[in-house]
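S.K.: Structure below; questions to follow.
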Amino acid sequence: MAEQTNTKAVRPMRGMKMRGGGMPVPKGAVKKGTMKRLLKYLFHYYKAALIITAVCIVLSSVASIVSSVFTKQLVDGIIVPGVQSPDKFGAVKGELISLVCTMGVLYLVGLIASVAYTQIMASVTQGVLDRFRTDMFNKMESLPIKYFDTHAHGDIMSTYTNDTDALRQLVGQSIPAVISGVVALISAVAVMFFYSIWLTLVVFACTAIMMAVIKKIGGASSKFMVAQQRSLAVEEGFMEEMMKGQKVVKVFTHEEAAERDFDKLNKQLFEDSEKAHIFGNILMPILGNIGNFLYVLIAIVGGLLICFAAPNLALENMVNGIWAWKEIPALSIGAIIAFLGLSRQFSQTVSQFSQQIAMIAMGLAGASRIFELMDQEPEHDDGYVTLVNAKKDADGTISETEERTNLWAWRHYHKADNTVTYTELTGDIVMEHVDFGYVPEKQVLTDVSLYAKPGQKIAFVGATGAGKTTITNLINRFYDIADGKIRYDGININKINKKDLRRSLGIVLQDTNLFTGTVMENIRYGRLDATDEECIAAAERIYADRVAKRYPDGFYAKTEEGGEGLSAGEKQLISFARMVLKDPSVVILDEATSSVDSETEELIREALEILLKDKTAFIVAHRLSTIRKADRILYIADKGIAESGNHEQLLAKKGLYYRLNAGL
């Protein structure tokens, strides 16, 4: 645009007070209730799959614990009796075969369950990410322009990339691992209590030490993981900004300054990542050594209990009806061996569980940012007046029709008396005592009134930042006014549905956006149902066909994102062709010819005199040659209209416009 009079801060080079070149630092705190909301989202779409997954995880986890149970039975029920029997293992052969078969079946069930839940979760994870990306994009498309004016684009992109990747790890790995760990821990504790309460207390004592370590080191790792996610988003936003502004960086030879700014951001990311991984990497060895200590301690305590024939207090004895202290048997060799396996599994599960803490924190931070985007207030629209195809009877009565007639009318439903009236779309625009500010405490326009009759050309001139583009932004309702009224064909534009309002407008901006595709597809963006012939005809009317003629494939030549390979003037010609194809009743030209050469500008001006003959046009320009033939020129200054009149009238006043024209 020619200028933008909002309060969005100019982004200084990094190294000033603002992080990321003036971009807002993404919120790092996880919003309360994020996990609950995420689980609700998952169950909404994949309830059956998640229930099956949970069952499979339980089966897999229990199967991994059962090995310790079989170990005790193998030692106490088969190996010891087999060694002591005169027939050796012949007496226990049947029990051995039965035990091995049972173990094989249970392990097979655990294996099948493990494979099943990993496959299901892989599908669920990718499906959830697909839905999240779709929901985010749909929400983004519903957001007002103000959101994109006040949020760094790189930060928004980070939500689609880094945050969704963190969410992928949370859903696909961390949540299943936590569920599996919880089931395994509960099963292990139950089995340990069943075999020996004394040894279980030993395990609990070491577990308390492990939990203290996890809280101290794991908590620090989680904190820096979230900080790493924030720093990464800021750095990516800065990189996106630098890539877009690379020409400006080189023109002003700011390469070294940009490198210094990037180095500061990169250093912050390095420091956060380093601390996160330092704490994360030392956690596992510490927990592993505590687990080894526990293994040895279980062996020592168990051996002492056997040596002293101490009564083995266990749920197993209570189940067998042994309650008297003197009748309680001593700890068996099989129970100690089983306990050694259980303690190893227990400590490993706690270690694996701790490993997921940082991933969970990072995933929840990503989910929180995703939900933050999805919770943004969409563009408000209470409009109920719609734009419809219409036909006019012989007596001048307007009625609605399904056919495309190139006659449009506003369909206005009156709730009070349940009637519908139709007003022909002509392009009559009136602004009455309009006040506006991008933020409430700073007014940009005050008591602005103007009108534009169908077919009139209204031009805006004035200093950069005076509010010229702002007026056009109010007409198309990119922003809503604070006070006053804007009427379109006599209808308050607040009553007009925004999509229908914008369908009636054609806009050509100084900064033109072209999309990946072909020249034809970029022109068709003006009206998606247009035929190839209509697109070509529109291009020819505004001399945009000369762009297509540069390529062997003509109108079917490929265009890259942003129109790379095309000059600024060629991109504006394609933008003009879009507008011509759309054939709107009101046209807004915001420095639309600023990037074309003088010859092309003259051709466009001649074409526009014909094309805009019956249309209302608002023209923002710094080139006075562009607006001399305007019906009325408005000089915008001091938050309002300082001067108004045609070219000759304003020159005769010898005021602001005169000085601008004279270059004073």
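The values are calculated or read from the model by the stated rules, or taken from the named source; none is laboratory data. As the structure is a prediction and not an experimental result, all values here were calculated from the model. Because the Cβ atoms are built from the backbone with ideal geometry, glycine has one as well, and the counts that use them run over all protein chains shown. Side chains are part of the model used for accessible areas, which takes the heavy atoms of the whole protein and leaves out ligands, DNA and RNA. Shrake-Rupley method; radii C 1.70, N 1.55, O 1.52, S 1.80 Å.
S.K.: Which value, in Å² rounded to 10, gives the accessible area of Glu591 with a 1.4 Å probe and all protein chains present?
M.R.: 20
S.K.: Using the Karplus equation 6.51 cos²θ - 1.76 cosθ + 1.60 (θ = phi - 60°), what ³J(HN,Hα) coupling, rounded to whole Hz, does each residue of region 342-355 give in order, writing x for Gly and Pro?
M.R.: With the stated coefficients, region 342-355 comes to 5, 5, 5, 5, 4, 5, 5, 5, 4, 5, 5, 4, 5, 5 Hz.
S.K.: Rank His44, His433, His414, His647 by accessible area, highest first, at a 1.4 Å probe radius?
M.R.: Working: His44 135, His433 115, His414 55, His647 20 Å².
So the residues, ranked largest to smallest area, are His44, His433, His414, His647.
S.K.: Tell me the Kirkwood radius of region 547-664: reciprocal of the mean inverse pair distance over distinct alpha-carbon atoms, in Å.
M.R.: On the way: mean 1/r = 0.0615 Å⁻¹.
In region 547-664 this quantity evaluates to 16.3 Å.
S.K.: Moving on to the next point. How large is the translational diffusion coefficient of region 456-563 in µm² per second when you combine the Kirkwood radius over alpha carbon pairs with Stokes-Einstein at 4 °C and 1.567 mPa s? Spell out each step's value before the answer.
M.R.: Values: Rh = 16.6 Å.
D = 78 µm²/s.
S.K.: Within region 555-664, what whole-number % of the accessible surface is contributed by carbon and sulfur, with the 1.4 Å probe and all protein chains included in the calculation?
M.R.: Numbers: 2420 of 5080 Å².
Exposed carbon and sulfur together represent 48 percent of the surface.
S.K.: Also, I was wondering about something else. Using amide H atoms built in the peptide plane, which far-off residues or other-chain residues are under 5 Å from Ala459 H to H?
M.R.: Sorted by chain and number, the residues that satisfy this are Ile619, Arg632, Ile633, Leu634.
S.K.: Taking the Cβ of Glu403 as the center, what net charge do the other residues with Cβ under 15 Å away carry, scoring Lys and Arg +1 and Asp and Glu -1? Provide the component values of the computation, followed by the final result.
M.R.: On the way: positive: Lys391, Lys392, Arg404; negative: Asp393, Glu400, Glu402, Asp529.
For residues surrounding Glu403, the net value is -1.
S.K.: Mind checking the dipole of the chain: about its Cα centre, +1 per Lys or Arg Cβ, -1 per Asp or Glu Cβ, Debye to the nearest 20? It would help to have the intermediate numbers written out before the result.
M.R.: Working: 72 positive and 74 negative charges, 353 e Å.
Roughly 1700 debye, rounded to the nearest 20.
S.K.: With just the Cα atoms of region 98-145, tell me how far they stretch along each of the three principal axes, in Å, largest first.
M.R.: 72, 9, 7
S.K.: Could you rank Arg487, Arg260 by how accessible they are, 1.4 Å probe, largest area first? Intermediate values should be presented prior to the final figure.
M.R.: Values: Arg487 70, Arg260 135 Å².
Reading off the accessible areas and sorting them downward yields Arg260, Arg487.
S.K.: What Kirkwood Rh does region 175-222 have if only Cα atoms enter the pairwise 1/r average? Answer in Å.
M.R.: On the way: mean 1/r = 0.0828 Å⁻¹.
Computed over region 175-222, the radius equals 12.1 Å.
S.K.: What length, rounded to one decimal in nm, is gained on full extension from Tyr107 through to Arg37, with 0.36 nm per residue of separation minus their alpha-carbon distance?
M.R.: Working: separation 70, 0.36 × 70 = 25.20 nm, distance 3.55 nm.
Answer, rounded to one decimal: 21.7 nm.
S.K.: Continuing with this model, one more query. Please list Thr419, Thr34 in order of solvent-accessible area, largest first, computed with a 1.4 Å probe with all protein chains present. Write out the running numbers ahead of the final one.
M.R.: Values: Thr419 55, Thr34 10 Å².
The residues order as Thr419, Thr34, largest area first.
S.K.: Could you list which residues have their amide H under 5 Å from that of Asp428, counting only those 5 or more apart in sequence or on another chain, with H placed in the peptide plane?
M.R.: Here the answer is Asp489, since their amide H atoms fall under 5 Å of that of Asp428.
S.K.: Whole-Hz ³J(HN,Hα) for each residue in region 482-495, computed from phi via Karplus 6.51 cos²θ - 1.76 cosθ + 1.60 with θ = phi - 60°, x for glycine and proline: what do you get?
M.R.: So the J values, rounded to whole Hz, are 7, 7, x, 9, 10, 10, 10, 6, x, 10, 4, 5, 5, 8.
S.K.: So which of Lys139/Lys615; Lys415/Lys499; Lys499/Lys558; Lys40/Lys139; Lys215/Lys275; Lys146/Lys244 end up more than 23 Å apart, counting from Cα to Cα? List each step's numbers first, then the result.
M.R.: On the way: Lys139/Lys615 34 Å; Lys415/Lys499 21 Å; Lys499/Lys558 29 Å; Lys40/Lys139 19 Å; Lys215/Lys275 16 Å; Lys146/Lys244 20 Å.
Going by Cα-Cα distance, Lys139/Lys615; Lys499/Lys558 fall outside the 23 Å limit.
S.K.: Rounded, prolate or oblate for region 363-466? Axes are the square roots of the Cα gyration tensor eigenvalues, ordered a ≥ b ≥ c, and the cut-off for rounded is a/c under 1.5.
M.R.: Numbers: a/c = 2.47, a/b = 1.35, b/c = 1.83.
It comes out oblate by the Cα gyration axes.
S.K.: How much of the DSSP beta bridge set in the chain is antiparallel, as a percent to the nearest 5? Walk me through the numbers before you get to the answer.
M.R.: Values: 34 of 54 bridges.
Antiparallel bridges make up about 65 percent of those DSSP assigns within the chain.
S.K.: What does the helix-only formula give at 222 nm for the chain: each DSSP H stretch with n ≥ 4 adding -39500 (n - 2.57), the total divided by the residues, and the result rounded to the nearest 500 deg cm²/dmol? Intermediate values should be presented prior to the final figure.
M.R.: Numbers: 22 runs with 361 residues, N = 664.
Using -39500 (n - 2.57) per qualifying helix, the result is -18000 deg cm²/dmol.
S.K.: Quick one: which residues, 5 or more positions from Thr401 or on another chain, have an amide H under 5 Å from its amide H? H modelled 1.01 Å from N in the peptide plane, none for Pro or chain starts.
M.R.: Asn389, Ala390, Lys391
S.K.: Specify which labelled value, from [x] 48, 36, 23; [y] 74, 28, 22; [z] 55, 32, 25, agrees with semi-axes √(5λ) of the Cα gyration tensor in Å derived from the coordinates of the model shown.
M.R.: Comparing each candidate, only [y] matches the computed number.
S.K.: Taking 0.36 nm per intervening residue step and subtracting the Cα-Cα distance, what contour gain separates His277 from Ser142 on full extension?
M.R.: 44.7 nm
S.K.: Could you work out how far apart the two model spin labels at Ile179 and Val55 are, taking each label as a point 7 Å from the Cα in the direction of the beta carbon, and quote it in nm?
M.R.: Those two pseudo-labels are separated by 1.2 nm.
S.K.: Relative contact order of the chain, please, whole-number percent, based on alpha carbon pairs below 8 angstrom and at least 6 residues apart. Walk me through the intermediate numbers first.
M.R.: On the way: 1019 pairs, mean separation 98.8, N = 664.
RCO, the chain: 15 percent.
S.K.: Measure out, as a whole number of angstrom, how far apart the alpha-carbon centroids of region 548-600 and region 156-234 sit.
M.R.: A separation of 55 Å, based on Cα centres.
S.K.: If the viscosity is 1.002 mPa s and the temperature 20 °C, what translational diffusion coefficient in µm²/s does Stokes-Einstein give for region 223-349 when Rh comes from Kirkwood over Cα pairs?
M.R.: It comes out at roughly 107 µm²/s.
S.K.: Within region 117-147, list the residues whose amide N lies under 14 Å from a label point set 7 Å along Cα→Cβ of Asp529.
M.R.: none
S.K.: Using 0.36 nm per residue of separation minus the Cα-Cα distance, give me the extension gain between Ala557 and Ser399 in nm, one decimal. Working shown, then result.
M.R.: Values: separation 158, 0.36 × 158 = 56.88 nm, distance 4.21 nm.
Once the chain is fully extended between Ala557 and Ser399, it gains 52.7 nm.
S.K.: Right, something else. For region 169-260, which whole percent of the accessible surface, found with a 1.4 angstrom probe, sits on carbon and sulfur atoms?
M.R.: On the way: 3130 of 4420 Å².
After summing per-atom areas, the C and S share lands at 71 percent.
S.K.: Enter the accessible area per residue of the chain (Å², integer; probe 1.4 Å; all protein chains in place). Before the final figure, lay out the partial values.
M.R.: Values: 33210 Å² over 664 residues.
Per-residue accessible area for the chain comes out at 50 Å².
S.K.: For region 390-429 and region 480-534, what is the separation of their Cα centres, given in Å?
M.R.: One Cα centre to the other: 20 Å.
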